[in-house]
Amino acid sequence: MAERQDKDQPPSDNGAQDDNGAQDLEGKGGAEAAPGRSIYHDTMMVSRDDVARISEKAPPPPKPDQSELDEGSTTKIPVTELDEGATTKVPVSTSADDTPAPSTRTSPRPETLIEVQGLSRSYGSIQAVGGIDFSVRRGDVLAFLGPNGAGKTTAMKMITGFLEPDAGTVTVAGFDVRTHPLEVRRRIGYLPENAPAYGEMTVKAFLDFVAAARDLDDRARRLDQVVERTGLDSVLRQQIETLSKGYKRRVGLAQALMHDPEVLILDEPTDGLDPNQKALVQDLIASLSSDKSIVVSTHILDEVERICNRAIILSQGKIVVDSTPQLLMAQAPQHNQIYVRFEGHVPERVIGRVRDRPWCESAGIHENGEMVIAPRDGKNHLTEVLVLLEELPVRDVRLHEGRLDDVFRKLTKGVAA
């Protein structure tokens, strides 16, 4: 959604742009551009001769052949004559510290939306986050996992610019959090652990206030969209302080979505929700993920399996694993173990037949009467076991695929929760 340009952003170009973002040398009028004619870029006036000097690799553009110009046509500098990906646009906007802000008007959308390098933060002698590195691409839903006190919330606050890191860098959509905090906040929707709101305001008044603070266009349409997505229709006229914890959480999620950001940072978004509300929010996160980067902190590991395609586990401020939920589950101690229950006594020859398989680590009878088969290679051998059990009195067969809970406990063992 379009936002008002702040003082540190350049105003719109006066000339038209072609499909590649090349500036029309005509400016506001005239049939053709002469070699010395000036064109306007944001708030600077730049002559055509200056363009070659702006891009060190670009040679001076040739004067166009008049015979090749139709009546009323204009002259444009081909993008191929400049640096790769460059245009004639001259970025002149600066942040408060006069550091030039990177331009995104003519560049393709970045695929890596969050880049974290060497991020650290201590509280006195306690190191909350100790030099972590990771990146999040567009389309990723990253689970941020770890026991209480692992550094998840501290890291999220540094990514969003709410907390200054002791060391390291964070960039969001190409903007550094320290040097261009406003640009970062325009592109981030943040749901903190305890999302603050004005309790005396109604839900509608609060969301209207958020839209006005961000100076969004078409506020009524945006409000209708987020209310529908977050299921707040029935409490829209109700004061926030009278809402249940689950509804307050959804109001916080709605404000994070108001400006349709490229990046969502959600600290325990389903905390306090009932099962139906959790499913609604999980489905919403999944539906938003195609063109955004989403970071979700949660203690609900089933939620990770359902909506996340990556998982980072933090322990004592360090990343102990960065993988996918599927690969993490494969590390579970009982991953792909097979449990077989028979009608009556288990034939000894069946156990021996299974143990003879080269992939079999162990096979035996559990105290509850089940036969338990553990593979040494961690692979799924259910089909082969079923062939071995043909014509035997089998009651049921179960495949244990592993649980994230088991891996989480193994990787964070000994850390107080």
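First select every other residue whose beta carbon is under 13 angstrom from the beta carbon of residue 326; then total the charges, Lys and Arg +1, Asp and Glu -1. If you can, show how the numbers build up before the last one.
Working: positive: 306, 310, 403; negative: 305, 401.
Combined, the nearby Lys, Arg, Asp and Glu give +1.
Read phi for every residue in region 296-301 and hand back ³J(HN,Hα) as whole Hz from Karplus 6.51 cos²θ - 1.76 cosθ + 1.60, θ = phi - 60°, with x for Gly and Pro.
10, 8, 7, 9, 8, 6
Let me know the shape class of region 333-375, please: from the alpha-carbon gyration tensor, a ≥ b ≥ c as square roots of the eigenvalues, rounded when a/c is under 1.5, otherwise prolate if a/b is greater than b/c, or oblate. The partial results should precede the final answer.
Working: a/c = 2.49, a/b = 1.25, b/c = 1.98.
Oblate shape, in that a/c is at least 1.5 and b/c is the bigger or equal ratio.
What ranking of 382, 404 emerges when the number of other C-beta atoms within 10 Å of each C-beta is taken as an exposure proxy, fewest first? If you can, show how the numbers build up before the last one.
Working: 382 15, 404 22.
Arranged by neighbour count, lowest to highest, 382, 404 become 382, 404.
Longer than 27 Å from Cα to Cα, which of 318/379; 157/245; 278/318 are they? Say none if no pair is. Walk me through the numbers on the way to the answer.
Values: 318/379 30 Å; 157/245 22 Å; 278/318 29 Å.
Going by Cα-Cα distance, 318/379; 278/318 fall outside the 27 Å limit.
Net charge within 15 Å of residue 370 by Cβ-Cβ distance, Lys/Arg positive one each and Asp/Glu negative one each, not counting residue 370 itself?
Details: positive: 341, 395, 398; negative: 343, 367, 396.
Residues close to residue 370 contribute a combined charge of 0.
Rounded to whole Hz and in sequence order, give me ³J(HN,Hα) for region 135-151 from the Karplus expression 6.51 cos²θ - 1.76 cosθ + 1.60, θ = phi - 60°, writing x for Gly and Pro.
9, 10, 8, 4, x, 7, 10, 9, 8, 9, 10, x, x, 4, x, 6, x
Just want the ordering: 360, 308, from fewest to most Cβ atoms lying within 10 Å of their own Cβ. Before the final figure, lay out the partial values.
Values: 360 19, 308 25.
Lowest to highest Cβ neighbour count: 360, 308.
Every number in this text was worked out from the coordinates using simple rules, so none of it is lab data. Given the structure is predicted, the values throughout are model-derived calculations rather than measurements. Glycine also receives a Cβ, built like all others from the backbone with ideal geometry; neighbour counts cover every protein chain displayed.
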